[in-house]
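Everything on this sheet refers to the single structure shown next.
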Amino acid sequence: MNILVDADACPVKDEIYKVALRHKAPVTIVSNSPFRIPDNPLFSRVVVNDSFDAADDWIAERANASSVVITADILLAERCVKAGAAVLANNGKPFTADSIGNAVAVRAIMADLRAGADGITGGPPPFSKADRSQFLQALDQILVKLARTRR
């Protein structure tokens with residue numbers, strides 16, 4: 001069981017560390033630029049080059065049924081779901097085989113609307129305390145479920 005984090009814009013890294021320690025789950029932080037991670041053998045950092053989708057490619061190539069992937073990137077989520085990984089958005093909402101198609105479609109529609117620039121701009125709503133709480137609960141539940149299936 002391992003946690004792979006698309007980390008460059010991830011607002012829940014501290015929460016990931018907290019839950020991972022409780023479950024003794026290894027965490028790999030993947031980013032385009034280096035930053036500090038806690039000094040613990042469970043935590044590792046991979047800095048990829050700054051080419052387009054380098055972090056996504058690294059994560060997708062390693063995602064499998066024993067992985068939990070944390071990302072806000074819907075296209076990366078789709079690749080990881082197809083590889084059998086459990087995938088969580090930063091707000092704790094899971095991406096599943098049943099939901100990923102709709103998420104990809106909505107992403108494409110919103111990109112088209114923004115490209116038209118008819119006053120539609122921006123992205124997701126601001127990250128809230130409720131999102132953080134929901135994320136903690138969802139990650140804990142996924143790790144418990146993965147631990148049960150490994151027995």
Check: So which of Lys13/Lys82; Lys24/Lys82; Lys18/Lys129; Lys82/Lys129 end up more than 22 Å apart, counting from Cα to Cα?
Finding: Lys13/Lys82; Lys24/Lys82; Lys82/Lys129
Notebook entry, point to check: Val69's amide H: which non-local residues (gap 5+, or another chain) put their own amide H closer than 5 Å, with H modeled 1.01 Å from N in plane and none for Pro or chain starts?
Noted result: Leu4, Ala86, Val87, Leu88
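How about the stretch 24-55: which chymotrypsin sites (Phe, Trp or Tyr not before Pro) there are in a DSSP loop, with at most 12 other Cβ atoms within 10 Å of their Cβ?
Numbers: sites: Phe35, Phe43, Phe52; in loops: Phe35, Phe52.
Of the chymotrypsin sites (Phe, Trp or Tyr not before Pro), the ones in loops of the stretch 24-55 whose Cβ has at most 12 other Cβ atoms within 10 Å are Phe35, Phe52.
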Notebook entry, point to check: How much net charge surrounds Ile29 when only other residues with a Cβ under 11 Å from its Cβ are counted (Lys, Arg +1; Asp, Glu -1)?
Noted result: +1
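Would you mind counting up the charge near Asp8? Only other residues with Cβ under 13 Å from its Cβ, with Lys and Arg at +1 and Asp and Glu at -1.
My count for the surroundings of Asp8 gives -3.
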Margin query: For q values of 0.22 Å⁻¹, compute log₁₀ I(q)/I(0) with the Debye formula on a Cα-only model of the stretch 4-60, without solvent.
Written below: -0.82
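Read-outs throughout are calculated quantities, based only on the coordinates presented, and are distinct from any laboratory measurement. Given the structure is predicted, the values throughout are model-derived calculations rather than measurements. A quick note on method: Cβ atoms are made from the backbone with ideal geometry, for glycine too, and the neighbour counts reach across all protein chains shown.
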